[in-house]
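Trainee: Before I ask anything, let me first share the structure, which is written out below as structure tokens.
The values are calculated or read from the model by the stated rules, or taken from the named source; none is laboratory data. Computed from a predicted model, the values in this text were never measured in an experiment. Cβ placement follows ideal geometry from the backbone for every residue including glycine, while neighbour counts extend to all protein chains displayed. To get the accessible areas, we keep the full protein, side chains included, count just its heavy atoms, and leave off ligands, DNA and RNA. Shrake-Rupley method; radii C 1.70, N 1.55, O 1.52, S 1.80 Å.
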Amino acid sequence: QVQLVESGGGLVQAGGSLRLSCAASGIDFSIYDMAWYRQAPGKQRELVADITRSGSTNYADSVKGRFTISRDNAKNTVYLQMNSLKPEDTAVYSCNGRRRWYNYWGQGTQVTVSS
């Protein structure tokens, strides 16, 4: 049974920081490409950042220089360090793991940034 469990969301003031974690189980984590997506109310889900199994990273323009994605294969966990948060970063953040035709999602964690 595959599970992706996010944690670390919450309420923070603008300019603050949060670190999201996504713990995976039931998959060979090290061979999966991992990603963080977010969806704000009334908006489509968007890719925030991804990291390949080899460690290459990619970021949405809106978060470049503020967010950092990383992974710890020994802990089967992917992280999203979010700094200099803005009210427009408010959304449900979801973890995604994919390899070939396999595609798994976590349940999401709420991030709310107050102005």
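Trainee: So, in region 8-35, how many residues would count as being touching a residue at least 60 places away in the same chain (Cβ under 8 Å), out of contact with any Gly (no Cβ under 9 Å at 6 or more places or on another chain) and within 21 Å of T57 (Cβ to Cβ)? Break it down into steps so the answer makes sense when it comes.
Mentor: Our first condition is that a residue be touching a residue at least 60 places away in the same chain (Cβ under 8 Å); within region 8-35, this holds for 8-20, 22, 24, 27, 29, 31-35.
When the remaining residues are screened for being out of contact with any Gly (no Cβ under 9 Å at 6 or more places or on another chain), the result is 8, 10-17, 31.
When the remaining residues are screened for being within 21 Å of T57 (Cβ to Cβ), the result is 8, 17, 31.
Counting residues in region 8-35 that are touching a residue at least 60 places away in the same chain (Cβ under 8 Å), out of contact with any Gly (no Cβ under 9 Å at 6 or more places or on another chain) and within 21 Å of T57 (Cβ to Cβ) gives 3.
Trainee: Could you please find all residues in region 67-92 being crowded, with 18+ Cβ neighbours inside 10 Å, polar (S, T, N, Q) and out of contact with any Cys (no Cβ under 7 Å at 6 or more places or on another chain)?
Mentor: Correct list: N76, T90.
Trainee: For region 104-115: of the residues being surrounded by fewer than 18 Cβ atoms within 10 Å (Cβ to Cβ) and over 15 Å from the mean Cα position of the chain (by Cα), which is modelled with the lowest pLDDT?
Mentor: S115
Trainee: Can you give me the number of residues within region 28-49 that are open to solvent by less than 40 Å² (accessible area, probe 1.4 Å) and within 18 Å of V111 (Cα to Cα)? First the steps, then the outcome.
Mentor: Residues of region 28-49 open to solvent by less than 40 Å² (accessible area, probe 1.4 Å): 29, 32, 34-36, 38, 40, 48-49.
Filter once more, so that each one left must be within 18 Å of V111 (Cα to Cα): 35-36, 38, 40, 48-49.
Adding up the residues that qualify gives 6.
Trainee: So which residues in region 36-56 are touching a residue at least 12 places away in the same chain (Cβ under 8 Å) and of a type in the set (S, T, N, Q), if there are any at all?
Mentor: Passing the criteria: Q39, T52.
Trainee: If I ask for residues that are in contact (Cβ under 8 Å) with a residue 24 or more places away in the chain and surrounded by 15 or more Cβ atoms within 10 Å (Cβ to Cβ), which ones from region 57-66 would you list?
Mentor: Correct list: V63 only.
Trainee: Closer than 22 Å to S115 by Cβ and open to solvent by 70 Å² or more (accessible area, probe 1.4 Å): which single residue out of Q3, Q13 fits that description?
Mentor: Q13
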